Amino acid sequence: MPSKKSKPKEPTERVFLIDSFSHIFRAFFAPMGGRSEPLTNSRGQVTQAVFVFTNMLRKLLADEKPHYIAAVFESGVPTFRHEMNVGYKANRVA
């Protein structure tokens with residue numbers, strides 16, 4: 001009897017976990033169409049990270065159509081990773 005190759009089932013629900021600070025960090029330093037200065041609002045507050053991060057989320061929602069999404073943020077307190085590696089995230093301001 002020939003074996004049937006079954007096709008893997010498509011997941012019925014899709015979940016996306018977003019490493020928010022990683023994307024916000026990237027968004028803050030993202031080049032903005034050749035601009036030398038970061039994007040700001042009318043009061044001069046830098047809004048580039050908010051703008052780019054929001055657009056990343058909107059694109060994810062439009063392209064992937066997840067059933068669930070969780071934007072995860074770090075607590076800001078040292079973890080076991082800091083004990084294992086003194087230089088962990090040393091390039092980021094606390």
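Can you pull out every residue in region 11-27 that is over 24 Å from N91 (Cβ atoms) and at pLDDT 90 or above? Walk me through how you get there before you give the answer.
Restricting attention to region 11-27, the residues satisfying the condition of being over 24 Å from N91 (Cβ atoms) are 11-16.
If the condition is that a residue be over 24 Å from N91 (Cβ atoms) and at pLDDT 90 or above, then E13, R14, V15, F16 are the ones that fit.
When residues of region 1-53 are filtered for being over 30 Å from K65 (Cβ atoms) and of a type outside the set (S, T, N, Q), how many remain?
Of region 1-53, the ones over 30 Å from K65 (Cβ atoms) are 1-4, 34-38, 40-46.
Cutting the leftovers down to of a type outside the set (S, T, N, Q) gives us 1-2, 4, 34-35, 37-38, 43-44, 46.
Adding up the residues that qualify gives 10.
Which residue out of F80, F25, F16 is at negative phi and touching a residue at least 60 places away in the same chain (Cβ under 8 Å)?
Among F80, F25, F16, only F25 is at negative phi and touching a residue at least 60 places away in the same chain (Cβ under 8 Å).
If you check F16 against the conditions, is it out of contact with any Pro (no Cβ under 6 Å at 6 or more places or on another chain) and within 18 Å of L57 (Cα to Cα)?
no
Let's see how each residue does on (1) at pLDDT 95 or above; (2) more than 30 Å from E10 (Cβ to Cβ); (3) hydroxyl-bearing (S, T, Y):
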{"site": "F29", "(1), (2), (3)": "no, yes, no"}
{"site": "G34", "(1), (2), (3)": "no, yes, no"}
{"site": "R43", "(1), (2), (3)": "yes, yes, no"}
{"site": "L60", "(1), (2), (3)": "yes, no, no"}
{"site": "E64", "(1), (2), (3)": "yes, no, no"}
{"site": "Y68", "(1), (2), (3)": "yes, no, yes"}
{"site": "F80", "(1), (2), (3)": "no, yes, no"}
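Do any helices (runs of 4 or more DSSP H) lying entirely in the chain carry at least 3 residues that are surrounded by 10 or more Cβ atoms within 10 Å (Cβ to Cβ), and which ones are they?
It comes to 20-28, 48-64.
Could you check region 52-94 and list, in sequence order, the residues that are more than 19 Å from H23 (Cβ to Cβ) and touching a strand residue (DSSP E or B) at 6+ places or on another chain (Cβ under 9 Å)?
H67
The values are calculated or read from the model by the stated rules, or taken from the named source; none is laboratory data. Predicted, not measured: the structure shown is a model, and the values here were computed from it. No Cβ is skipped: glycine too gets one built from the backbone with ideal geometry, and neighbour counts run over all protein chains shown.
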